[in-house]
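A short worksheet on the structure shown next.
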Protein chains: 2
Amino acid sequence: MADIKYEILETIGVLSESPKGWTKELNLISWNGRNPKYDLRDWAPDKEKMGKGVTLSKEELQQLKEILLTKEIS
Amino acid sequence: MADIKYEILETIGVLSESPKGWTKELNLISWNGRNPKYDLRDWAPDKEKMGKGVTLSKEELQQLKEILLTKEIS
């Protein structure tokens, strides 16, 4: 991760927290100074490490919202 | 990926499709025969390759839905 620069511009929400303090978060992040994207991934306490995750455009996030509104999650 | 077995039990929805045909999908997937989890990631056409992604429990997905319902995505 040494050469990846990022800036968390906004924490939209926290989905969960593990017993060891890792949190799964939806953030708005600028990677390497580029335009910010929405980002869903796990983070160690104090953001010391990051897990794998996905980045999402605004359109993808809005589509995800539509999907979650129309599908029953069981 | 050779030794990861997975079974897509349900495609909940497709968030987007790239010009090269990769799709960002929310699926319900059983990894290595374990209990199914929700999974958000990119897939190549015909599921030949997968990108990085996140798995989500039902509770995390419901929390994500709450977040998307209460936050304005701009």
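The values are calculated or read from the model by the stated rules, or taken from the named source; none is laboratory data. Everything quoted here is computed from the prediction, not taken from an experiment. FYI the Cβ positions are ideal-geometry reconstructions off the backbone, even for glycines, and counts take in every protein chain you see. Just the protein is used for accessible areas: all its heavy atoms, side chains included, with ligands, DNA and RNA removed. Shrake-Rupley method; radii C 1.70, N 1.55, O 1.52, S 1.80 Å.
What figure, in Å² to the nearest 10, do you get for the accessible area of B:Arg41 with a 1.4 Å probe and non-protein molecules left out?
Per-residue accessible area (B:Arg41): approximately 20 Å².
What GluC sites (Glu not before Pro) in chain B are in a loop by DSSP, with at most 16 other Cβ atoms within 10 Å of the Cβ?
On the way: sites: B:Glu7, B:Glu10, B:Glu17, B:Glu25, B:Glu48, B:Glu59, B:Glu60, B:Glu66, B:Glu72; in loops: B:Glu48, B:Glu72.
For GluC sites (Glu not before Pro) across chain B that sit outside H, G, I, E and B with at most 16 neighbouring Cβ atoms in 10 Å, the list reads B:Glu48, B:Glu72.
Using a 1.4 angstrom probe on heavy atoms only, work out the carbon and sulfur share of the accessible area of the stretch B:1-50 in %.
Percent of accessible area from carbon and sulfur atoms in the stretch B:1-50: 48.
Could you pull the copy-to-copy label distances for B:Ile4, with points set 7 Å along Cα to Cβ, in nm to one decimal and sorted shortest first?
Ordered by distance, the counterparts are at 1.5 nm.
Shortest first and in nm to one decimal, what separations exist between A:Glu17 and its copies in the other chains, measuring from label points 7 Å along the Cα-to-beta-carbon line?
4.2
Enter the buried accessible area of the B/A pair, total of both sides, probe 1.4 Å, in Å² rounded to the nearest 100. Don't skip to the answer; put the middle values down first.
Numbers: alone 5880 and 5890 Å², together 9070 Å².
Counting protein atoms only, the buried area is about 2700 Å².
Would you mind estimating how fast the stretch A:6-70 diffuses translationally, via Stokes-Einstein at 20 °C and 1.002 mPa s with the Kirkwood radius over Cα pairs, in µm²/s? List each step's numbers first, then the result.
Values: Rh = 12.4 Å.
It comes out at roughly 173 µm²/s.
Using helices alone, I'd like the mean residue ellipticity at 222 nm for chain A: each DSSP H run of four-plus residues gives -39500 (n - 2.57), total over residue count, nearest 500. Each step should come with its number before you reach the end.
On the way: 1 runs with 13 residues, N = 74.
The helix-only estimate for chain A comes to -5500 deg cm²/dmol at 222 nm.
With the crude spin-label approximation of a point 7 Å out along Cα→Cβ, what separation in nm comes out for B:Arg34 versus B:Ser57?
1.2
Per-residue accessible area for B:Tyr6 at 1.4 Å probe radius, Å² rounded to 10?
Rounded to the nearest 10, the figure is 80 Å².
Which distance in Å, rounded to a whole number, links the C-alpha centroids of the stretch A:25-74 and chain B?
Cα centroid of the stretch A:25-74 versus Cα centroid of chain B: 12 Å apart.
Compute the distance in nm between two label points, each set 7 Å from the Cα along the Cα-to-Cβ direction, one at B:Thr70 and one at B:Glu7.
According to this spin-label approximation, the distance is 3.7 nm.
Ignoring ligands and nucleic acids, what accessible area does A:Val14 show with a 1.4 Å probe (Å², nearest 10)?
70
Distances in nm, one decimal, shortest first, from A:Asp46 to the same residue in every other copy, taking the label point 7 angstrom along Cα→Cβ.
The answer, with the shortest distance listed first, is 5.0 nm.
Across the stretch B:37-51, in residue order, what do the Karplus-derived ³J(HN,Hα) couplings come to in whole Hz, using 6.51 cos²θ - 1.76 cosθ + 1.60 with θ = phi - 60° and x for Gly and Pro?
For the stretch B:37-51, the Karplus-derived couplings read 10, 6, 8, 10, 6, 8, 10, 6, x, 6, 6, 6, 9, 10, x Hz, x marking Gly and Pro.
Please work out the Cα convex hull volume for the protein assembly as shown and give it in Å³ per residue. Could you put the intermediate results ahead of the total?
On the way: hull volume 20.5 nm³, N = 148.
Measuring per residue, one finds 138 Å³ for the Cα hull of the protein assembly as shown.
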